[in-house]
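The values are calculated or read from the model by the stated rules, or taken from the named source; none is laboratory data. Nothing here was measured: the structure is a model prediction, and the numbers come from that model. Cβ atoms come from the backbone with ideal geometry, glycine included; neighbour counts cover every protein chain shown. Each accessible area value is taken on the protein alone, full model and side chains, heavy atoms only, with ligands, DNA and RNA left out. Shrake-Rupley method; radii C 1.70, N 1.55, O 1.52, S 1.80 Å.
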Amino acid sequence: MPVVDEAFARAFFGLHVDLGDWHTKRGIWLAFPAARFTCRWGCVLEASGPVDVANLTEHLSEDHARICPGPSLEDLLR
């Protein structure tokens, strides 16, 4: 059973990662890894390939903070 950091899972609820399929004997990707993050305000970050997926997951909080508009004023006043 995989170990899940609950704080990370709560912070990045919209993160979906496909680990791909690595053929160990041939040393090639049969299916590339891919990742997609969608926040509750509609920001979308996507990555494809092992290096890009690793980079996205490693820097997700910084990259998302840079582009996300956050909640609207109406949402804050509710």
(request) Could you please tell me which pairs satisfy a Cβ distance under 7 Å, a separation of 6+ or placement on different chains, a first residue in region 7-26 that is more than 19 Å from A47 (Cβ to Cβ), and a second residue that is of a type outside the set (F, W, Y) and surrounded by fewer than 10 Cβ atoms within 10 Å (Cβ to Cβ)? (result) H23/L30
(request) Hey, could you check region 7-36 for residues that are in contact with a Leu (Cβ under 8 Å, 6 or more places away or on another chain) and not basic (K, R) and say which is most open to solvent (accessible area, probe 1.4 Å)? (result) W22
(message) S72 - would you say it is modelled with pLDDT under 90 and open to solvent by less than 50 Å² (accessible area, probe 1.4 Å)?
(response) yes
(message) Between a residue in region 31-42 that is free of Cβ contacts under 8 Å to residues at least 60 places away in the same chain and more than 11 Å from G14 (Cα to Cα) and any residue that is open to solvent by 20 Å² or more (accessible area, probe 1.4 Å) and of a type in the set (S, T, Y), which pairs come within a Cβ distance under 7 Å, given they are 6 or more apart or on different chains?
(response) F32/S48; A34/S48
